[in-house]
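Remarks on the structure that follows.
The values are calculated or read from the model by the stated rules, or taken from the named source; none is laboratory data. Quick caveat: nothing in here was measured; it's all calculated off a predicted structure. Neighbour counts run over all protein chains shown; Cβ positions are idealised from the backbone, glycine included.
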Amino acid sequence: MIETPPRIDPDAPFNAHNVQGWERTLSVGLGLALMGVGLARGGLFGLCKTTIGGAMLARGLSGHCSVKSLLNDPQAEMNYLKDELQAAKDKLSGLLESAKPGAAHPAPAPVTASTPAVNSSTGLG
């Protein structure tokens, strides 16, 4: 009897780009078309079409489809989403820390011959 290899290799690195080639091109094209139809129609159904078209456009432009990943390898997709959320949380924490009153802000760059001075009354150099 012939043994088939497992569908998913658990040791293989996770690839965030799981939409390629014609599938990606089709997602961009159909997403733009659906957004156009939805915007032209208006109303609740137009909003739904625009939203779905936007999701298809994002899928095509990013090259990643969470639904496809979730169906193929749920654990890898969950780890990918967890890492993306952690990166966003770290970035937001850094922004909040730098926005606190009294936080150390970088000093403005000195005006040199290569950077023209700006007239504060007109905003022009």
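Going through (1) within 19 Å of residue 18 (Cα to Cα); (2) over 16 Å from the mean Cα position of the chain (by Cα); (3) not polar (S, T, N, Q) one by one, residue 56 falls short only on (2). Screening residue 32 with (1) modelled with pLDDT of 95 or more; (2) surrounded by fewer than 10 Cβ atoms within 10 Å (Cβ to Cβ) gives one miss only, at (2). For the stretch 17-65, the tally of residues that are part of a helix (DSSP H, G or I) and closer than 28 Å to residue 80 by Cβ stands at 28. The number of residues in the stretch 66-86 that are modelled with pLDDT of 85 or more and within 12 Å of the chain's Cα centre (by Cα) comes to 2. Only residues that are touching a Leu at 6+ places or on another chain (Cβ under 8 Å) and either among the small types (Gly, Ala, Ser) or closer than 23 Å to residue 79 by Cα (or both) were counted in the stretch 16-68, giving 8.
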